[in-house]
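Take a look at the structure set out below.
The values are calculated or read from the model by the stated rules, or taken from the named source; none is laboratory data. In this text the structure is predicted, and so the values were computed from the model without any measurement. When we count neighbours, we look across all protein chains shown, and the Cβ atoms used for this are built from the backbone with ideal geometry, even at glycine. Only protein heavy atoms, including side chains, enter the accessible area calculation; ligands, DNA and RNA are left aside. Shrake-Rupley method; radii C 1.70, N 1.55, O 1.52, S 1.80 Å.
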Amino acid sequence: MQLSEQELVRREKLGKLRALGINPYPADLFPVDHTSKQIKSDFEDGKQVIIAGRLMAINIQGKASFAQLQDSEGRIQLYFNRDEICTGEDKSKYNDVFKKLLDLGDFIGIEGTLFTTQVGEKTVMVKNFKMLSKALKPLPIPKQKDGKTYDAFTDPEQRYRQRYADLAVNPHVKEVFVKRTKLFNAMRQFFNDAGYFEVETPILQPIPGGAAARPFTTHHNSLDIPLYMRIANELYLKRLIVGGFDGVYEFSKNFRNEGMDRTHNPEFTAMEIYVSYKDYNWMMDFCEQLLEHCANAVNGTSEATFGEHKINFKAPYKRITMRDSILEFTGFDIYNKSEDEIRTAAKGMHIEVDETMGKGKLIDEIFGEKCEGNYIQPTFITDYPKEMSPLCKEHRENPELTERFELMVCGKEIANAYSELNDPIDQRERFEHQLKLAKKGDDEATEFIDEDFLRALEYGMPPTSGMGIGMDRLIMFLTNNQSIQEVLFFPQMRPERKQVDLSDNEKAIFEALKAEKRMDLNILKSKSGLSNKGWDKGLKGLGKHGLTKVEKTDDGLFVELV
RNA sequence: GACCAGUUAGCUCAGUUGGCAGAGCAUCUCCCUUUUAAGGAGAGGGUCCUGGGUUCGAGCCCCAGACUGGUCACCA
């Protein structure tokens, strides 16, 4: 591995520290008793503090210096005065260890007392400091002045691949993840207060059910069977309702082997909750209360900004049926229309349709194309066509519809809920219908029948309402991020390219030259068999590695091994 | 998968008709005891994403590829 100049310098400092008897990576605990935030909030002149963190700025002014120390809660200024640190004759701890051997990014521990500088900055007067961990690689630290940031570490590729560096230097990035955890905690608290029970269900499943998506497959060696990473946990949570729990919920890491883009990562987090003896009307009330609570817990207000939109999560939310929505935005009433009539209408709206699309799918296309994008404020869309909701109970008034709602925010779905289908015979028929759709070429239809799930339903599942919430999408809305990668610590990336030592070009020239030690440049060039550019790069590369030297004489140019 | 943009020093970025590779910060040396993007003087640091082509000569032009971002397609 090739090290940069700055990395080499830091490795040298490591050796110098050890030569002075200082362990750059000590094992013993450091007795921290304050954070940067506590120092500022409970400031008291002359108070003794012990703090630790990362050096983020150093400003040496001769016999006294200033520095910024960053801990988990922010930054605090340090004042290093030579005679405060080195009270005796020996000034080497200040002159050598502090001034020459510490670098930006190093973790140090500080014992000191508090004071305020002439310009009014709350500061720790360092009495003693200890190296806690040396940073061998320079951090990309931005600079601030007058609220403007200079040299910000902004390249998305590097930020995602090196999230540790991103978090260390970009406080606003850390804030997003703090809010993410606040959201999970708030939601968990809301459910627990309502008396519902957090559970865990299998991630490795023999049949990937509960959604239509391509799964990741793996293999269990002892059982010698294929297993699938879950695409949803719905069917397992319903089994628990069959088992007698009143309300169960799970934060579920799901995996879908599909495309990646701004709003899709191969693994993502859904929250699913199932509550017995309820229906989807109750769930709408519950959902709007939940989201208002969560928005307040995360941002201190029910209002949120997302791009150019201001959204308000304060309950209640508008409710509209899919039929009315389509009627409103297209003037077309899907009620009592045949599949062909709807297909013709869709064509008239310039929507791409084909013969494999059933009635439900056609309606969904119309809604997606013409209606969905209009819902900026949280809105419940209700009563979806039966065909596209195989796990949802038939509507109590219209057998072509289901008791389903989706919550739309800024034109995107963030929640999906049903009065759950608990009729085992109806459920089997729906699965079989899906199978037919799949065979017809609908790649969204489910192609597995989970017999064990049907057996569970046959034992009897109470009337139940269930809801799923896309947690990544929700936190995107609450933190105003347009990309899912900004709300996942480690979004999936393509593997980085490996670095090579000697390039092929360099090797070819080196091999040709090895026997002769010294050759005419043009003869060597033809012997190496390289293209002009390959030759040029190769020879320059060898020179850079210090392996060859080019010599100019009256007889021409010669290359020799060094 | 398609199209567009990008890839140059540790970071953020310039780079002229194709003619020795540039700046600020960071790094190194020196001065400086309440500064705050501290300041002053000096120095070092490069696989210009990779490979091929055109050319006397390519960071720059052409072709192919890699990676990233964006838009679209796909996606319960």
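Among the residues of segment A:126-149, write down those that are near RNA strand B (Cβ under 7 Å from one of its atoms) and assigned to a strand (DSSP E or B).
A:Lys143, A:Gln144, A:Lys145 - these are the residues of segment A:126-149 that are near RNA strand B (Cβ under 7 Å from one of its atoms) and assigned to a strand (DSSP E or B).
Conditions: (1) under 18 Å from A:Asn95 (Cα atoms); (2) over 36 Å from the mean Cα position of the chain (by Cα); (3) surrounded by 11 or more Cβ atoms within 10 Å (Cβ to Cβ). A:Lys47 meets all but one. Number of the miss?
Every listed condition holds for A:Lys47 apart from (1).
For segment A:187-234, give me each residue that is open to solvent by less than 20 Å² (accessible area, probe 1.4 Å) and charged (D, E, K, R).
Scanning segment A:187-234 gives A:Arg230, A:Glu234.
Which ones in segment A:58-72 are closer than 20 Å to A:Pro142 by Cβ, touching a Lys or Arg at 6+ places or on another chain (Cβ under 8 Å) and open to solvent by less than 20 Å² (accessible area, probe 1.4 Å)?
A:Leu69
Would you check which residues across segment A:206-242 are more than 16 Å from RNA strand B (Cβ to nearest atom) and not polar (S, T, N, Q) and list them?
The answer is A:Pro206, A:His219, A:His220, A:Leu223, A:Asp224, A:Ile225, A:Pro226, A:Leu227, A:Arg239, A:Leu240, A:Ile241, A:Val242.
Could you list, in sequence order, all residues of segment A:72-128 that are aromatic (Phe, Trp, Tyr) and under 18 Å from A:Met56 (Cβ atoms)?
A:Tyr79, A:Phe80, A:Phe98, A:Phe107
Keeping to segment A:349-383, report how many residues are part of a loop (DSSP other than H, G, I, E, B) and within 24 Å of A:His309 (Cα to Cα).
Total satisfying the criteria: 5.
Given the residues A:Ala415, A:Ala438, which is the only one that is of a type in the set (A, V, I, L, M, F, W, C) and surrounded by fewer than 20 Cβ atoms within 10 Å (Cβ to Cβ)?
Answer to the selection: A:Ala438.
Give the number of residues within segment A:110-135 that are farther than 11 Å from A:Phe80 by Cα, aliphatic (A, V, I, L, M) and in contact with a Gly (Cβ under 9 Å, 6 or more places away or on another chain).
Count: 4.
Can you find a residue in segment A:293-314 that is without any contact (Cβ under 8 Å) to a residue 12 or more places away in the chain, assigned to a loop (DSSP other than H, G, I, E, B) and out of contact with any helix residue (DSSP H, G or I) (no Cβ under 9 Å at 6 or more places or on another chain)?
Checked segment A:293-314: at least one residue is without any contact (Cβ under 8 Å) to a residue 12 or more places away in the chain, assigned to a loop (DSSP other than H, G, I, E, B) and out of contact with any helix residue (DSSP H, G or I) (no Cβ under 9 Å at 6 or more places or on another chain).
What's the total number of residues in segment A:106-125 that are near RNA strand B (Cβ under 9 Å from one of its atoms) and outside any strand (DSSP E or B)?
Matching residues across segment A:106-125 total 5.
Please go through segment A:459-498 and pick out each residue that is aromatic (Phe, Trp, Tyr) and open to solvent by 60 Å² or more (accessible area, probe 1.4 Å).
Hits for segment A:459-498 are A:Tyr459, A:Phe489, A:Phe490.
Just name the residue that is most open to solvent (accessible area, probe 1.4 Å) out of those in segment A:73-102 that are in contact with a helix residue (DSSP H, G or I) (Cβ under 6 Å, 6 or more places away or on another chain) and within 9 Å of RNA strand B (Cβ to nearest atom).
A:Arg82
Quick one: what pairs do we get from segment A:126-154, first residue within 23 Å of A:Ile51 (Cα to Cα), second open to solvent by 40 Å² or more (accessible area, probe 1.4 Å) and basic (Lys, Arg), C-beta under 9 Å, 6+ apart or different chains?
From segment A:126-154, the pairs are A:Asn128/A:Lys93; A:Phe129/A:Lys93; A:Ser133/A:Arg54; A:Ala135/A:Arg54; A:Leu136/A:Arg11; A:Leu139/A:Arg54.
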